[in-house]
Amino acid sequence: MVRVATALVGAAAGGALGYLGFFWILSQGFYALVLPGGLLGLGAGVVRTSSRWLPFLCAAAAVALGLFTEWRYRPFVADPSLGYFVAHLHHLQPVTLLLVALGGAVAFCVPFRRRI
């Protein structure tokens with residue numbers, strides 16, 4: 001159980017670093033939306049665990065963090081609330097959805113491969 005808790009702390013640290021890193025890279029002129037979810041998964045993958053549910057939790061958290069990051073960067077003009085954003089996810093650009101999904105895939109694969 002200690003390893004799972006350590007992996008969750010690593011995931012939180014990686015997600016925070018990815019969130020901040022996204023906006024730093026954005027200020028340099030690049031769009032790296034895969035970064036929050038990917039670093040969340042890398043942070044969780046630092047510790048080897050035998051947990052079967054950890055990769056699924058990391059993937060869900062990475063997708064949620066990617067969407068939250070996109071909302072903070074570019075909310076809809078009609079209504080900038082998070083609820084409106086979630087209700088209208090289908091209006092996002094395909095590349096945005098692809099990068100969020102890629103971040104979720106990295107967050108799933110890294111902890112999954114690091115299982116004992």
Response to the item:
Of Phe68, Phe76, Phe85, Phe30, the only residue that is aromatic (Phe, Trp, Tyr), more than 19 Å from Pro111 (Cα to Cα) and surrounded by 20 or more Cβ atoms within 10 Å (Cβ to Cβ) is Phe85
Worksheet entry | Residue list for region 88-106, restricted to those being surrounded by 13 or more Cβ atoms within 10 Å (Cβ to Cβ) and of a type in the set (S, T, N, Q) | Thr96
Item to complete: Look at region 1-47 and say how many of its residues are more than 14 Å from Ala62 (Cβ to Cβ) and not small (Gly, Ala, Ser).
Response: 16
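A quick yes/no check of all residues on (1) under 12 Å from Gly15 (Cα atoms); (2) small (Gly, Ala, Ser); (3) more than 17 Å from the chain's Cα centre (by Cα):
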site: Gly43; (1), (2), (3): yes, yes, no
site: Arg52; (1), (2), (3): no, no, yes
site: Cys58; (1), (2), (3): yes, no, no
site: Tyr73; (1), (2), (3): no, no, no
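Bear in mind that the values in this text are calculations on the coordinates, not laboratory data. These numbers were taken from a predicted model, which means no experiment stands behind them. Neighbour counts are summed over all protein chains in view; Cβ atoms, including those assigned to glycine, are modelled from backbone coordinates with ideal geometry.
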